Amino acid sequence: MNISNVLTWRKFLRTYLKNNEHYSSEEIYGLTSNIGYKCQYLEYLNTVVYNNNHFSIQTVHNQYYILTIIIIIEAIFDYIIKDKDLHIKKGFTPIDKLKGCEFKGGSISQELFQNNLKFFKILHPKTSDLKPTENYKVNLEVFIKNKKPEQIFSTKLIDMISIIQNKTTLFPDSILVEVNSLRELRNRIHLKADILDFNTFDEISLVNSAKKTLNEIFKHLFNTDEFDYLINFLNVNNHQN
């Protein structure tokens, strides 16, 4: 079994993922390492996904292949948005003020102070200039991760797709439509008694489509000429079923 060294994957990934004002060297090391390990796992799955005649095992392999690819894409998209400072941000504007009681400064000062309460309205980002890619609906629901307004940004993949489509020219719409299709597939991986989507993943064509999408993203961002041998396993022409 030929699995590439993670050092080689890091070298390849660093042709686009670089430390800068948004990412420290340590963060880029962690990011490229994590993506590299996932790529190694894809290399492993590639050795078994085309050579299994057991239906249920084949289907699970397909699920994990697609899931791993979408994890890699999410990590790359998250880097793009932070690197280009494209976070969906919320601002705040004051709308009311409630006066509180007056009090003295105590032993420190005999001056009078007043404790006031201010109310702010959250300003949602303008979406009029966003054009949703065909086959999915723009969703700008923001996950409030930090207390500081300037650090509030979306962490949902559907939002990342919309931002990258509308605020960059990195990819053609066709690639982002495919990424969204993978996102929808990822959301159908359930282990619940009342949901049976297992058969959704029985076609090897889904794996080929996911591989093609990741391969296109790599080619648009990274130095694939120098590392063509590394990502060659993503070439679906090598495994025509």
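Remark: the THR200-ASP83 segment gains 38.6 nm on full extension, using 0.36 nm per residue and subtracting the alpha carbon distance. What FRET efficiency do you get for ASN223 and ARG188 if R0 is 25 Å and r is their Cβ-Cβ distance, rounded to the nearest 0.05? Plugging the Cβ-Cβ distance into 1/(1 + (r/R0)^6) gives 0.15. Suppose R0 equals 22 Å. What FRET efficiency, 1/(1 + (r/R0)^6) with r the Cβ-Cβ distance, do TYR50 and ASN2 give to the nearest 0.05? In this case the efficiency is close to 0.90. Rounded to the nearest 0.05, what FRET efficiency do SER181 and SER24 have when you use their Cβ-Cβ distance and R0 = 30 Å? It comes to 0.30. Compared with the direct C-alpha span, the chain from CYS101 to LYS167 gains 18.9 nm at full extension, assuming 0.36 nm per residue. Around LEU214, what is the net charge, scoring Lys/Arg as +1 and Asp/Glu as -1 over all other residues with Cβ under 11 Å from its Cβ? After counting each charged neighbour, the total is +2.
Legend: ranking of residues GLU102, GLU27 from fewest to most surrounding C-beta atoms inside 10 Å; resulting order GLU102, GLU27.
Laboratory data are not the source of any read-out in this text; all were calculated from the coordinates shown. It should be emphasised that the depicted structure is a prediction, and the values quoted were computed from it without experimental measurement. With ideal geometry, Cβ positions are generated from the backbone for all residues, glycine too; neighbour counts draw on all protein chains shown.
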